[in-house]
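Trainee: A single structure is presented below for examination.
The values are calculated or read from the model by the stated rules, or taken from the named source; none is laboratory data. All values derive from a computational prediction rather than experimental measurement. Note that each Cβ is placed from the backbone with ideal geometry, even for glycine, and that neighbours are counted across all protein chains shown. The protein model used for the area step is the full one, side chains on, heavy atoms only, and it has no ligands, DNA or RNA in it. Shrake-Rupley method; radii C 1.70, N 1.55, O 1.52, S 1.80 Å.
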Amino acid sequence: MQESAQTIKVVVVGGGQAGLSASYFLSKSGIEHVVFERSQRFHSWKNDRWDSFCLVTPNWQCRLPEWPYTGHDPTGYMVKDDIVDYLEGFANSFEPPIQEGVRVTDVERCPDGKISITTNKSRWLADFVILATGSYDLQVKPDFSKNLNPDIVQISSKSYKRPSDIPDGTCLVIGTGQSGVQMMEDLWMEGRDVRLSVGSAPRSPRVYRGRDATDWLYEIGEYSKTIEEQADPRHTEAKTNHYLSGRDGGHEIDLRDFALKGLKLYGTVSHIENDHIFFKSDLEENLDQADESYLKICRMIDDYIETEGIDAPDIPVFTKKWKPAKETHSLNMTTEGITSILWCTGFKPDYSWLKIDCLDERGRPIHKRGITSQSGVYFLGLNWLNTWGSGRFLSVADDAEFLVDNIKNNLRSIDSSKNLAVTT
Ligand SMILES: Cc1cc2nc3c(=O)[nH]c(=O)nc-3n(C[C@H](O)[C@H](O)[C@H](O)COP(=O)(O)OP(=O)(O)OC[C@H]3O[C@@H](n4cnc5c(N)ncnc54)[C@H](O)[C@@H]3O)c2cc1C
């Protein structure tokens, strides 16, 4: 049996950039708190990314609380070790009260209204809990993956580190979110035999009309728009990230270019039966859809340039350089020499330890800018918690400050109601 519970004002679950941003503002406000991290701080950047990983967002967007990027390359894209140095610099700037190697196993409401937080080491009672465990905790893989011939090696994007992790032979990468296209490119650049199953992810230009597309979008105000201002908030929240790359100075990824160079592309996988893999007939549709999202961004930038009368270089008219001659419906993987599958089919958060009712029927947090209807329970770091940058380096600091301000106000009302009780 664990020792009796310790009491504290705030518990933060998760020692990534979101949890430590909250800790920064709590420390600054003198609010007693502890951060629990099951592994070590910034675990996901240190251990869940591949060796050649680069940011997709430019360095200037790294804006942790009072810790902006100050390196020599604000328009570049940091590699993994530099990202970790940037994060460690931030943590060292204020020395958060973090306990590493402490996994939260249970968060529940006590009869007196306090929040009970049980870890693998101790039990705590808090007035507030900030859940900052990230959007990418559990790897999502379709159920039919278990039907695959066990001789074909299955690797998930979280465990992929370098091309030598992939067995000899052909690797089929499944999924075209940021991880899928970048891992395909990592293998391709190493001269490995790779193929790609193309999903419905959107894509983005990198440099357009003389500037990084993200610079334009920032200036246009796209990154300040809140989730409520989106045409279809539920759809926006669930949308896969646009694919493009920050590698070697950054570039866009047009899969039609790769196809012209010999990369074999397929539609979405519909099911697997031992050696046989089946695809939907949606390759052309998915490529068209990715181009449409690309062109939508271009049009937005063109309109802005025109309205503001900006002198920006023209670029050649967009053309579709390749299209599939016919859709492939199935392959026998053994006869095709496919020896491995790299699953890049997404992630979801893990809230199996959360026993307070604040998730919807899809298991997603119900909140308004991180504040739930359950008193004292907050989320931070989620994609589109408030804006596009909420789940990224760009805006997590704004959201953290907003939540800590809310906690401060609540603490003030708790204190004043106590004083009232004493004087009456
Ligand atoms: C492949 C990939 C590429 C990305 N590229 C970019 C980019 O270019 N630019 C950008 O701005 N953003 C990018 N992001 C998004 C975002 O910046 C990262 O996901 C970032 O790690 C989010 O930080 P976080 O603190 O919210 O979550 P995490 O970094 O995931 O931190 C959550 C922490 O919680 C801990 N934890 C979880 N459960 C428990 C528990 N029960 N008890 C205790 N601790 C727990 C975990 O160990 C982890 O350390 C990328 C994300 C991915 C997955």
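Trainee: Can you pull out the strands (runs of 3 or more DSSP E) entirely within region 51-157 that have at least 1 residues that are under 22 Å from SER4 (Cα atoms)? First the steps, then the outcome.
Mentor: Details: elements: 98-100, 104-109, 115-119, 123-131, 153-156.
The strands (runs of 3 or more DSSP E) meeting that bar are 98-100, 104-109, 115-119, 123-131.
Trainee: Can you tell me which residue among HIS235, HIS271, HIS242 is under 30 Å from ASP151 (Cα atoms), in the same structural domain as TRP188 (by TED's automatic domain parsing) and not hydroxyl-bearing (Ser, Thr, Tyr)?
Mentor: HIS271
Trainee: Here's another thing I want to ask about it. Of the numbered conditions (1) open to solvent by 50 Å² or more (accessible area, probe 1.4 Å); (2) over 25 Å from the mean Cα position of the chain (by Cα), ARG369 satisfies every one except a single condition; which is it?
Mentor: The failed condition is (2).
Trainee: Only residues that are under 29 Å from ILE152 (Cβ atoms) and either open to solvent by 50 Å² or more (accessible area, probe 1.4 Å) or free of Cβ contacts under 8 Å to residues at least 12 places away in the same chain (or both): list them for region 333-366, please.
Mentor: Of everything in region 333-366, those that are under 29 Å from ILE152 (Cβ atoms) and either open to solvent by 50 Å² or more (accessible area, probe 1.4 Å) or free of Cβ contacts under 8 Å to residues at least 12 places away in the same chain (or both) turn out to be THR334, THR335, GLU336, THR345, PHE347, LYS348.
Trainee: Separate question: Which residues, counting only those in region 22-52, are closer than 30 Å to GLU252 by Cβ and open to solvent by less than 20 Å² (accessible area, probe 1.4 Å)?
Mentor: PHE42, TRP50
Trainee: Looking at GLY221, GLY191, GLY210, which is the one that is away from the ligand (no atom under 13 Å from the Cβ), without any contact (Cβ under 8 Å) to a residue 24 or more places away in the chain, over 18 Å from the mean Cα position of the chain (by Cα) and over 25 Å from LEU265 (Cα atoms)? Explain how you work it out, then say what you get.
Mentor: Working: GLY191 fails: over 25 Å from LEU265 (Cα atoms); GLY210 fails: without any contact (Cβ under 8 Å) to a residue 24 or more places away in the chain.
Selected residue: GLY221, the only one of GLY221, GLY191, GLY210 that is away from the ligand (no atom under 13 Å from the Cβ), without any contact (Cβ under 8 Å) to a residue 24 or more places away in the chain, over 18 Å from the mean Cα position of the chain (by Cα) and over 25 Å from LEU265 (Cα atoms).
Trainee: Please determine whether any residue of region 204-220 is open to solvent by 20 Å² or more (accessible area, probe 1.4 Å), out of contact with any strand residue (DSSP E or B) (no Cβ under 6 Å at 6 or more places or on another chain) and in a loop (DSSP other than H, G, I, E, B).
Mentor: Yes, the conditions are met somewhere in region 204-220.
Matching residues to (1) within 11 Å of the ligand (Cβ to nearest atom); (2) not aromatic (Phe, Trp, Tyr):
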position	(1), (2)
GLY16	yes, yes
HIS33	no, yes
PHE36	yes, no
HIS43	yes, yes
PRO74	no, yes
MET78	yes, yes
